[in-house]
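In what follows, a structure is listed as structure tokens, so that the remarks can point back to it.
The values are calculated or read from the model by the stated rules, or taken from the named source; none is laboratory data. Just so it is clear, the model here is predicted, and its values are computed rather than measured. Cβ: placed from backbone, ideal geometry, glycine included. Neighbour counts: every protein chain shown.
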Amino acid sequence: MLAAILARLVVAVPTVLLVTVIVFSLQLLLPGDPALALAGEERDPEAIAQIRALHHLDRPIPVQYLLWLGGLSRGDLGTSLKTGLPVAELIASKLPVTIELALLAMLVALAIGVPAGVAAAVRKGGAIDAGANLVALAGISIPNFWLGIMLILLVSVRWNLLPASGYTSPFEDPVRNLQTMIMPAFVLGTGIAAVMMRHTRSAMLTVLRQDYVRTARAMGLPEGRVVVRHALRNALLPVVTLGTLELGTLLSGAVLTEQVFTIPGFGKLVVDAVFTRDYPVVQGVVLCAGLGFVLMSLLADVLYVVLNPRLRS
Amino acid sequence: MAVGLALAEPEPARAARLGRRLARNRLALLGGTVVLLFVLIALFAPLLAPFEPIKSNWLAVRKPPSAAFWLGTDELGRDILSRLIWGARASLLAGVVSVAIAVLVGVPFGILAAYAGGWVDALIGRLTDALLACPFLILAIALAAFLGPSLGNAMIAIGISATPIFVRLARGQTMAVLAEDHVLGARAVGCPHRRIVLVYVLPNIAAPILVQATLAIAGAIIAEASLSFLGLGQQPPAPSWGSMLNTAKNFMSQAPWMAVSPGLAIGLVVLAFNLLGDGLRDALDPRES
């Protein structure tokens, strides 16, 4: 098992390196002189020369990359052009908010997607299956930021039930925190729920055809027990591992959800950085998201090996 | 080559079989019809729109839906229906152009990876993994940020972000085609590489790529709407469904109608492309349905 995990780790190394190449290459897309673009409003030749020296812009591009990579290995993601704060510090301060949103959204997705997938698989070809499939398709098709706007319109503006925007830390006021996070988590979770429903349905259909399920039925076990204890427990394995790979979708969705509900997280950080032309922050966010994804897919592989007894030996 | 053609099913027969299967799938037909309807709306926008989409009317600011303005007006008194009709152009154009970029870049690289094998395959594979690791929208946002906000750059950004899926798909499909006996035979008798790719590989991988492209258009339309919603796509005053929602968000209590129709339009057209794509996939591989 350890060998399998180590082999996966070795494959991840070039991927991580290429992620850093992609993130570094972003700055090569800047039109004109990158020093001028990085300087923003600043037009003082001395300041521009300083920026050129700081970012090693007078050196060949491969050397610039290696110097940048050297900084990364020391945890230096650069400095925000707008605030002057280290990018790593900025991201670290926003990340917990987005992680909370992502975890709550995943809970919503599992709470809706898994039962819907089980029901669709058990009643394959019936009305529930068709209905669940159509709802899932609608869930994938409706943009989550629009769903957010519609919820604000109904729940906050019309019924005045929940706050439309803002964020309170759970350590400060847990109740208020939950009030501000329910709608965003629901909005972000429904899109993933559709994917989870499809994964669960397909995994359940495979498991329900297995001999041990037929044996359990032949032994006269109640259908509910066969489905939940025997089928679902085994079908959850691919669902859990595939679920970890939804991190990318969650992060992309979080950018829009945080924008709609004005939540000061990772997504809001990158959008604000785009408008203030704070390029190091944009690069830092893409890098963290990419590395997060590589880490999660590693975790998915490890989980798959750990949870599947057949792969353990 | 003659051996290969004799063994492979003729293209017209395969297309006809695909057409028949697709015609039996009601949801796919519905999806196709809605897509066609939106294409016609986008093409004939100048004839269909009752008002100028970018002309302000200070006497009709934030008017609710009425006989004169079916879907109401926005904060500058512009007719929402007219902006919605013109917005279909931006959405469909972004969907088609960005997926075309992804196909034109991704498919040749995928074929090359499968054909060359060895370190070329490994390099393309790792690069694809790395691009796939960067979340689609975050990468598109970053690209749009560095390239500058505009509809054209948004299309490039979405196209680049969608490329890895086509690299992987083309690689996998090409590997399968290259392992077939008639292709092995053609290679053994010294058929030139270009001819093998054009005669054997491309026609055989076209169908799954078409399915993926249809589904990718759905994703690209949402991505364009998302970028425009964030202010990184279509720039004002030109209409786009995403940018209309961006403005509508600021007038939710005063003019809620501004937010309803653009979102419904995005949902409807994306759903239609998804239904059509799912139908095409099922028609190609009946085991899926």
Completion exercise
Within segment B:110-129, of all residues that are under 22 Å from the mean Cα position of the chain (by Cα) and under 30 Å from A:Ala254 (Cβ atoms), the one farthest from the other protein chains (Cβ to nearest Cβ) is B:Thr128
Problem - Residue count for segment B:200-243, restricted to those that are over 23 Å from B:Leu36 (Cβ atoms), within 14 Å of chain A (Cβ to nearest Cβ) and aliphatic (A, V, I, L, M) - result: 3
Practice task
Test A:Leu232 against the stated conditions and say whether it is under 30 Å from A:Phe186 (Cα atoms) and within 14 Å of chain B (Cβ to nearest Cβ).
Solution key: no
Exercise for the section: Go through segment B:22-70 and give me each residue that's in contact (Cβ under 8 Å) with a residue 60 or more places away in the chain, in a helix (DSSP H, G or I) and touching a Phe, Trp or Tyr at 6+ places or on another chain (Cβ under 8 Å). Expected result: B:Gly31, B:Val35
Completion exercise
Picked from segment A:1-15 (must be part of a helix (DSSP H, G or I) and exposed (fewer than 13 other Cβ atoms within 10 Å of the Cβ)), the residue nearest to the other protein chains (Cβ to nearest Cβ) is A:Val13
Exercise for the section: Look at B:Val99 and say whether it is at pLDDT 95 or above, among the β-branched types (Val, Ile, Thr), within 30 Å of B:Val183 (Cα to Cα) and not in a loop (DSSP other than H, G, I, E, B). Expected result: yes
Handout entry: Single match in A:Pro143, A:Pro163 (criterion: of a type outside the set (Lys, Arg) and surrounded by fewer than 20 Cβ atoms within 10 Å (Cβ to Cβ))
Key = A:Pro163
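Residues checked against (1) modelled with pLDDT of 85 or more; (2) within 14 Å of the chain's Cα centre (by Cα):
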position	(1), (2)
A:Arg209	yes, no
A:Arg217	yes, no
A:Val239	no, no
A:Gly265	yes, yes
Problem - Filter result for the condition that a residue is in contact (Cβ under 8 Å) with a residue 12 or more places away in the chain and of a type in the set (A, V, I, L, M), over A:Leu36, A:Leu17, A:Leu29 - result: A:Leu36
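Could you check segment A:147-167 and list, in sequence order, the residues that are among the aliphatic types (A, V, I, L, M) and more than 9 Å from every other protein chain (Cβ to nearest Cβ)? Reasoning before the result, please.
As a first pass, look at segment A:147-167 and keep what is among the aliphatic types (A, V, I, L, M): A:147, A:149-155, A:157, A:161-162, A:164.
Listed by number, the residues that qualify are A:Leu151, A:Leu154, A:Val155, A:Leu161, A:Leu162.
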Problem - Among residues of segment B:149-189, those that are within 13 Å of chain A (Cβ to nearest Cβ) and among the aliphatic types (A, V, I, L, M), counted - result: 7
Completion exercise
When segment B:273-289 is checked residue by residue, the ones that are at the interface with chain A (Cβ under 10 Å from one of its Cβ atoms) and either crowded, with 24+ Cβ neighbours inside 10 Å or among the aromatic types (Phe, Trp, Tyr) (or both) are B:Phe273, B:Leu275
Handout entry: Flag if A:Ala116 is part of a helix (DSSP H, G or I), surrounded by 14 or more Cβ atoms within 10 Å (Cβ to Cβ) and of a type in the set (Gly, Ala, Ser)
Key = yes
Handout entry: Elements of type helices (runs of 4 or more DSSP H) contained in segment A:16-75, each with 1 or more residues being over 27 Å from B:Asn153 (Cβ atoms) and away from every other protein chain (no Cβ under 14 Å)
Key = A:45-54, A:61-73
Practice task
For segment B:13-29, state whether one or more residues are of a type in the set (Lys, Arg), out of contact with any Asp or Glu (no Cβ under 7 Å at 6 or more places or on another chain), more than 22 Å from B:Leu93 (Cβ to Cβ) and modelled with pLDDT of 85 or more.
Solution key: yes
Exercise for the section: Kindly establish whether B:Gly219 is surrounded by 18 or more Cβ atoms within 10 Å (Cβ to Cβ), closer than 22 Å to B:Gly279 by Cβ and touching a residue at least 60 places away in the same chain (Cβ under 8 Å). Expected result: yes
Practice task
Scan segment B:134-148 and give yes if some residue there is facing chain A (nearest Cβ under 8 Å), surrounded by fewer than 19 Cβ atoms within 10 Å (Cβ to Cβ) and not in a helix (DSSP H, G or I), otherwise no.
Solution key: yes
Exercise for the section: Sort through B:Ala144, B:Ala179 and tell me the only one that's without any contact (Cβ under 8 Å) to a residue 24 or more places away in the chain and out of contact with any strand residue (DSSP E or B) (no Cβ under 9 Å at 6 or more places or on another chain). Expected result: B:Ala179
Practice task
Return yes when B:Leu230 is closer than 13 Å to A:Gln259 by Cβ and in contact (Cβ under 8 Å) with a residue 40 or more places away in the chain and no when it is not.
Solution key: yes
Practice task
Consider A:Thr206 carefully, then state whether it is in contact (Cβ under 8 Å) with a residue 24 or more places away in the chain, hydroxyl-bearing (Ser, Thr, Tyr), surrounded by 21 or more Cβ atoms within 10 Å (Cβ to Cβ) and not in a loop (DSSP other than H, G, I, E, B).
Solution key: no
